[in-house]
Amino acid sequence: MREQQDPESCYRLLARDAADQLEAYGGPLAGRVVVDIGGGPGWFTREFRARGAEAYLFEPDAAELGNAPGPGAVLADGYLLPLADGCADISFSSNVLEHVADPATFLSEQVRVTRPGGLIYVSFTNWYSPWGGHEWAPWHYLGADRARARYQRRTGRPAKHRLGENLFAVHVGATLRQVRARDDVEILAARSRYAPFLAGAIPRIPLLREVITWNLLLILRRCA
Ligand SMILES: C[S@@+](CC[C@H](N)C(=O)[O-])C[C@H]1O[C@@H](n2cnc3c(N)ncnc32)[C@H](O)[C@@H]1O
């Protein structure tokens, strides 16, 4: 909830949590090749490196990368990564899926660059989450146009996100069905990313999961 006022603490905490999750399922990050796709300014990449990983940041928006992206940062789109098949031990995307028009293609590209046996970390804020409308949440429940207009009225500036342009309605149930239908990945974890308890149970409850999951975290293993 303090992301806007104190992004540094917020993203450090999230990056530590993501690295802990990856290590819980795949062992120490030290020595692993990790690709952080849509990594923004690189909070997560920095944490992976601090743990000894060989981490690279792929981000299509130069403004998001910022002025000091650091070594290993590449201006690249997640739909078409400049990477060979199976070159990464871990492919990672945090809160990117809801920002791409074609999440299935984005996910396929994550799978392609991950070696058999490697891990794929995907998390996204689903549309019916209380935070689904991002800066205009929770008014998105009344419709995106209305919520955006309200944001502009209240703040005097246009909202960053536009539904159908840089924010898309992605759902928990549909995403789980899509991932389960694939024969090239196995689901190791499907959980609410931020829930303090019942994190694994929440995404199993039809309908209710679309609201209370808040942010779905999937950890997948690439099959041979
Ligand atoms: C909400 S930010 C998330 C940044 C970071 N991963 C995090 O969790 O803090 C969404 C990011 O997705 C990136 N993005 C949007 N479309 C993308 C695409 N096609 N491929 C890769 N990244 C994309 C945006 O530029 C932005 O940096």
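Observations, loosely collected:
- Selected residue (only one of 54, 59, 64 is over 18 Å from the mean Cα position of the chain (by Cα) and either under 19 Å from residue 166 (Cα atoms) or charged (D, E, K, R) (or both)): 54
- Test: residue in segment 79-96 that is charged (D, E, K, R) and farther than 22 Å from residue 26 by Cα: no
- Pairing residues of segment 153-168 that are over 22 Å from residue 128 (Cβ atoms) with residues that are assigned to a helix (DSSP H, G or I), at Cβ distances under 6 Å and at least 6 apart in sequence or on separate chains, gives 158/152.
- Hits in segment 112-126 - residues which are surrounded by fewer than 21 Cβ atoms within 10 Å (Cβ to Cβ) and out of contact with any Gly (no Cβ under 6 Å at 6 or more places or on another chain): 112, 116, 117
- Considering segment 1-54, the residues that are of a type in the set (Ser, Thr, Tyr) and surrounded by 13 or more Cβ atoms within 10 Å (Cβ to Cβ) include one that is modelled with the lowest pLDDT, namely 11.
- Residues located in segment 68-110, provided they are surrounded by fewer than 20 Cβ atoms within 10 Å (Cβ to Cβ), within 24 Å of residue 174 (Cα to Cα) and of a type in the set (A, V, I, L, M, F, W, C): 80, 101, 104
- Any hit, segment 186-199, residues being over 30 Å from residue 48 (Cα atoms), among the hydrophobic types (A, V, I, L, M, F, W, C) and surrounded by 14 or more Cβ atoms within 10 Å (Cβ to Cβ): no
For every residue, the table says whether it meets (1) farther than 26 Å from residue 28 by Cα; (2) among the charged types (D, E, K, R); (3) in a helix (DSSP H, G or I); (4) in contact with a strand residue (DSSP E or B) (Cβ under 7 Å, 6 or more places away or on another chain).
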{"position": "128", "(1), (2), (3), (4)": "yes, no, no, no"}
{"position": "151", "(1), (2), (3), (4)": "yes, no, yes, no"}
{"position": "174", "(1), (2), (3), (4)": "yes, no, yes, no"}
{"position": "191", "(1), (2), (3), (4)": "no, yes, no, yes"}
{"position": "216", "(1), (2), (3), (4)": "no, no, no, yes"}
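- Between 218, 167, 207, the distinction of being over 17 Å from residue 107 (Cβ atoms) and buried (at least 19 other Cβ atoms within 10 Å of the Cβ) belongs to 167 only.
- Some residue of segment 138-151 being within 16 Å of the ligand (Cβ to nearest atom), buried (at least 20 other Cβ atoms within 10 Å of the Cβ) and under 17 Å from the mean Cα position of the chain (by Cα): no
The values are calculated or read from the model by the stated rules, or taken from the named source; none is laboratory data. Computed from a predicted structure; not experimentally measured. Quick reminder, even Gly has a Cβ in these numbers, built from the backbone with ideal geometry, and neighbours come from all protein chains shown.
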